[in-house]
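The values are calculated or read from the model by the stated rules, or taken from the named source; none is laboratory data. Because the structure is predicted, anything quoted here is derived from the model rather than measured. Quick reminder, even Gly has a Cβ in these numbers, built from the backbone with ideal geometry, and neighbours come from all protein chains shown.
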């Protein structure tokens with residue numbers, strides 16, 4: 001097993017424990033969960049199940065693979081990406097029909113956030129053949145850091161103020177769709193090397209202007225934007241942005257304006 005494969009195997013084992021612990025909340029006893037797993041072809045003792053849920057042991061690779069087969073996307077246990085997002089965000093509609101989202105709870109729950117991103121990787125939505133992940137401060141950072149940790153790659157982010165002590169940087173303007181106000185994000189040169197494959201992530205997309213700016217920053221840096229992953233999308237305005245149609249794009253949870 002190569003070092004990369006060993007790292008992935010170790011991460012998968014740790015995430016298996018995380019998913020087991022999250023799934024156990026649906027059962028009153030360890031025996032009930034053991035029976036749930038047994039009915040789906042996974043034989044495990046109550047003693048070992050207890051050790052795994054409490055983080056006191058790691059399953060062997062074969063058992064880990066069997067457990068992931070059952071746990072990932074398990075709707076009965078609430079372990080689908082959409083269920084996990086729904087249970088950790090607050091959504092409301094104001095008097096004029098605009099959707100508001102508060103994802104503070106999700107962004108501060110690192111175990112759930114990593115579970116969402118891990119399942120997304122397991123589903124083949126987040127590519128693993130990337131060199132870096134990029135986002136814009138502030139709320140995209142927990143997502144980018146979690147993805148980077150799961151994939152064992154570097155995380156970089158664009159700032160909304162010019163970095164102190166950095167003379168060489170790349171800038172990109174973001175124009176507000178409603179007010180016409182222009183904001184600039186900054187990114188130090190050489191943080192992305194020429195032809196590095198870069199994954200772009202963010203927490204929410206409404207207009208798509210920030211994500212468009214990130215795509216442009218990656219290209220200005222000489223990198224190759226490979227995919228854009230967003231936790232929550234509001235409306236569909238961003239679907240009309242040409243720059244975002246040139247690369248694979250996935251919103252994990254879409255909220256449509258009424």
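Summary table
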item	result
Conditions (1) in contact (Cβ under 8 Å) with a residue 40 or more places away in the chain; (2) within 24 Å of the chain's Cα centre (by Cα): number failed by residue 173	(2)
Extreme residue, farthest from residue 90 (Cα to Cα), among residues of segment 108-127 that are surrounded by fewer than 21 Cβ atoms within 10 Å (Cβ to Cβ) and touching a residue at least 60 places away in the same chain (Cβ under 8 Å)	127
Of all residues in segment 158-170 being closer than 19 Å to residue 215 by Cβ and touching a residue at least 24 places away in the same chain (Cβ under 8 Å), the one that is surrounded by the most Cβ atoms within 10 Å (Cβ to Cβ)	158
Single residue of 214, 150 found to be out of contact with any helix residue (DSSP H, G or I) (no Cβ under 7 Å at 6 or more places or on another chain), surrounded by 20 or more Cβ atoms within 10 Å (Cβ to Cβ) and touching a residue at least 12 places away in the same chain (Cβ under 8 Å)	214
Within segment 217-228, considering residues that are out of contact with any helix residue (DSSP H, G or I) (no Cβ under 7 Å at 6 or more places or on another chain) and not in a loop (DSSP other than H, G, I, E, B), the one farthest from residue 90 (Cα to Cα)	220
Residue match in segment 93-106 (condition: in the same structural domain as residue 146 (by TED's automatic domain parsing), surrounded by 15 or more Cβ atoms within 10 Å (Cβ to Cβ) and part of a helix (DSSP H, G or I))	yes
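Residues are listed down the side, and each one gets a yes or a no for (1) free of Cβ contacts under 8 Å to residues at least 40 places away in the same chain; (2) not in a helix (DSSP H, G or I):
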| site | (1), (2) |
| --- | --- |
| 7 | no, no |
| 16 | no, no |
| 44 | yes, yes |
| 49 | yes, no |
| 52 | yes, no |
| 59 | no, yes |
